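Sharing a structure with you now.
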Amino acid sequence: DSPSLKSTSIGNYATLNPLNATSAPTNGNLSVAGTAPQNWRTTMALPASGKIYAELTCTDTNGSQRDGFGIQLINTTSTGIGIDTAGYAYCGALGQIFYNGSATVSGLATWTNGDVVQIAIDCANGYVWFGKNGTWQASGNPSTGASPTLTVSNMSNYCVAFGTVAINTWYASGNLNMGQQPWAYTPPSGFVALNTYNLATPTVTQGNDYFRSEEHTSELQS
């Protein structure tokens, strides 16, 4: 993380937030292992516009995994992902997209230990694509905008998330890459990492113009 090196495209990257999970991530808050039920959400919400790319390498060796990779409302208290209306999850064991506890998209590739799952998000249009090991699912093409797997409104309320697609004994293990490590696959044209360099300049550029501490003294009245 090098916020001072903005000119070299290096900034603060999103990681998994240890404050909204009962099992803390490891490896610089990028890795989670063998815990259920659970979900982990990133420290940054998706921007209102822009195109974001991320990868998850599955490390789940449990035979009954229900790992889910996708997007979730950043302020949810859900235990799991895709189990309610708070998020959408690409389920590795079933090759389906889950929302509110049911499969809304089927016929996608399954994925398991060692596979790299990709997500490409067009935040302005609400389009989401999923890929496995370099192949985009359902004939999707994020570079051209063709055949998104999902269309979701108001993406700025969501973040990238990973967890279990059920409230039971299923396990989820994986290593997230938001761009702070070399990509396994080249991102689609126009898609970038979720970091401070790639976010819009905030309206408030000088925080102490709005919030600061000041010393105040007063005399007691007799």
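The values are calculated or read from the model by the stated rules, or taken from the named source; none is laboratory data. As the structure is a computational prediction, the values presented were derived from the model and not from experiment. Methodologically, a virtual Cβ is constructed for each residue, glycine included, from the backbone with ideal geometry; neighbour enumeration extends over all protein chains shown. Surface accessibility is based on the protein's heavy atoms, side chains included, excluding ligands, DNA and RNA. Shrake-Rupley method; radii C 1.70, N 1.55, O 1.52, S 1.80 Å.
If a residue must be of a type in the set (A, V, I, L, M), in a loop (DSSP other than H, G, I, E, B) and either crowded, with 19+ Cβ neighbours inside 10 Å or free of Cβ contacts under 8 Å to residues at least 40 places away in the same chain (or both), how many such residues does segment 176-198 contain?
Filtering segment 176-198 for residues of a type in the set (A, V, I, L, M) gives 176, 178, 184, 192-194.
Subset that is in a loop (DSSP other than H, G, I, E, B): 178, 184, 193-194.
Narrowing further to those that are either crowded, with 19+ Cβ neighbours inside 10 Å or free of Cβ contacts under 8 Å to residues at least 40 places away in the same chain (or both): 178, 193-194.
Total meeting the criteria: 3.
Now a separate question. Take the conditions farther than 28 Å from A36 by Cβ, touching an Asp or Glu at 6+ places or on another chain (Cβ under 9 Å) and among the polar types (S, T, N, Q) and apply them to N195. Does it pass?
yes
Looking only at segment 69-83, which residues are at pLDDT below 95 and either of a type in the set (S, T, N, Q) or over 23 Å from N177 (Cα atoms) (or both)?
N75, T76, T77, S78, T79, I83
Another question about this same structure. Any residue at all in segment 68-88 that's in contact with a Pro (Cβ under 9 Å, 6 or more places away or on another chain), part of a loop (DSSP other than H, G, I, E, B) and among the aliphatic types (A, V, I, L, M)?
yes
What are the residue pairs meeting all of these: first residue in segment 116-145, first residue at pLDDT 95 or above, second residue part of a helix (DSSP H, G or I) and surrounded by fewer than 21 Cβ atoms within 10 Å (Cβ to Cβ), Cβ atoms under 6 Å, and 6 or more apart or on different chains?
Filtered contacts from segment 116-145: F130/Q137.
Regarding G101, is this residue among the small types (G, A, S) and in contact with a Phe, Trp or Tyr (Cβ under 7 Å, 6 or more places away or on another chain)?
no
Moving on. How many residues are open to solvent by less than 10 Å² (accessible area, probe 1.4 Å) and over 16 Å from the mean Cα position of the chain (by Cα) if we restrict to segment 55-89?
Going through segment 55-89 one residue at a time, the tally reaches 1.
Can you tell me which residues in segment 35-54 are surrounded by 18 or more Cβ atoms within 10 Å (Cβ to Cβ) and within 14 Å of the chain's Cα centre (by Cα)?
Passing the criteria: N39, W40, R41, T42, T43, M44, A45, L46, K51, I52, Y53, A54.
Which of the residues belonging to segment 13-30 are crowded, with 16+ Cβ neighbours inside 10 Å and either at pLDDT 85 or above or farther than 27 Å from I83 by Cα (or both)?
Y13, A14, T15, L16, N17, P25, N29, L30
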